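The values are calculated or read from the model by the stated rules, or taken from the named source; none is laboratory data. Bear in mind the structure is a predicted one, so any value in this text is a computation, not a measurement. Neighbour counts run over all protein chains shown; Cβ positions are idealised from the backbone, glycine included. The accessibility values were calculated without ligands, DNA or RNA, using every heavy atom of the protein model including side chains. Shrake-Rupley method; radii C 1.70, N 1.55, O 1.52, S 1.80 Å.
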Amino acid sequence: MFSAYRLVRIPQDSQLQAWNAADELLLERLNTSTAGKTIAVNDDFAALAVALHEADLDWWHDSAMAQEALNLNCSKNAVRLPQIVDQLATVATYQTVIIHIPKSIKLFQWQLEQLIGASSAETQFYVLGMVKHIGKGHIKVMEQLFTELEPGRAEKKARVIRLQKPIDSAQRTHNSQYQVPELSAEFTNLPGCYAENTIDPGARTFIGFFNLMPQVTKALDLGCGNGLLAVALLQQQPELELCLVDDSQQGLASAQLSLAANGWTDKISYRHSNGLNQLAHDELFELIICNPPFHQSTTLTENIAVKMIRDAGQHLPEGGQLWLVANRHLDYRTACKRHFQAVKLRSNNARFNIIQCIK
């Protein structure tokens, strides 16, 4: 089925394919002749977008990396791009909704609520994923939002759940907030933003080292999440010109809310980007801070962090510095040494390494 297409992952990984058994099961059960106006959600590597290229298809994903995969795989297979949507308030009613179950239950609920608002009582919802990634929380959300739930038969450890008759409930998913006493600051997290309910322990360790960083005029927070590291750096260096970058639109929006709520609006910019792909080649920063991910959706990977380290090296002048935090079992120092003249381990924490890299 998918073997007829040339599909790659981003970051590219020859050991992993760009689709799974849930995608295959969806295509077996979907009647494309009656699907009508369709939207595919959380289609990480655009395998469904390519396979359904003849359909009247919209495509919605939070990730800049996923959008790059969409453009690349549609181009490699010479098929048309679907319509990319960022929000659903202004689009037509969908007759078919296809949604890969995201890891975050809160994001899943929020996405379904948005999709219900862009659907009708007759809309067919197809929820797909590998069985091991469909938790009780995901099932509970579906039962709360739909009158009819047909789980279907699992095949090859994958499942496609058909939902019908959505309940347009007045209850809606809300953003979460939490306090960080070390910073005397409150942070807002939209559904799906990393560390959406409490501070990431790596970030908590990292901010304890910010007083050791060089005083600079221009810096970048790579993988900013809800903006916690950015606020910590601005408290140390309040005159700083700071750029915040994240692969996630939900993350960037969370950071914007958090920084504004804590009084930081001047000389702040935001970029939705896979690593630093959206920055001009000659755009340089004196300091880059980073708390890189070690997973992509439900897949463990170091490839994203390695790319972020390489990107940082390309956007620092001679003498510029990258500071990052990582779990101790992740050997990022090897990657750092490929792109930086000096790499120093600055922490002796039992769980996390704080690494200083000098260009």
* Structure fact -> Sorted by chain and number, the residues with a modelled amide H under 5 Å from that of F340, at a separation of 5 or more or across chains, are none
* Between N291, N175, N226, find the one with the highest GNM mean-square fluctuation for the chain; connect C-alpha pairs within less than 10 Å. => N175
* Asked: How much accessible surface area, in Å² rounded to 10, belongs to the heavy atoms of R159 with a 1.4 Å probe?
  -> 60 Å²
* Asked: Which whole-Hz ³J(HN,Hα) couplings does region 286-293 yield from phi under the Karplus relation 6.51 cos²θ - 1.76 cosθ + 1.60, θ = phi - 60°, glycine and proline marked x?
  -> 7, 9, 10, 10, 7, 10, x, x
* Short version: ³J(HN,Hα) in whole Hz for each residue of region 97-112, in order, from phi by Karplus 6.51 cos²θ - 1.76 cosθ + 1.60 (θ = phi - 60°), x for Gly and Pro, what are they? -> 10, 10, 9, 6, 5, x, 5, 6, 5, 5, 5, 4, 5, 4, 5, 4
* Over the chain, give the accessible area per residue in Å² for a 1.4 Å probe, as an integer. => 45 Å²
* Asked: Can you give me the Cα centroid spacing of region 131-152 and region 257-321 in angstrom?
  -> 36 Å
* Calculate one ³J(HN,Hα) per residue across region 224-230 by plugging θ = phi - 60° into the Karplus curve 6.51 cos²θ - 1.76 cosθ + 1.60, and present them in order as whole Hz with x for glycine and proline. => 6, x, 7, x, 4, 5, 4
* State the answer as a single residue: which of L7, Q314, Q356 lies farthest towards the positive end of the charge dipole of the chain, with beta carbon charges of +1 for Lys and Arg and -1 for Asp and Glu, about the Cα centre. => Q356
* **Carbon and sulfur %, accessible surface of region 82-165 computed with the full protein complex present, 1.4 Å** => 50 percent
* Asked: Which entries of K37/K106; K37/K103; K267/K307; K37/K76; K132/K337; K136/K156 show an alpha-carbon separation above 29 angstrom in the structure shown?
  -> K132/K337
* **Rg(Cα) / (2.2 N^0.38 Å) computed for region 201-302, rounded to two decimals** => 1.04
* Asked: When all protein chains stay in place, what accessible area (Å², nearest 10, 1.4 Å probe) is found for E68?
  -> 50 Å²
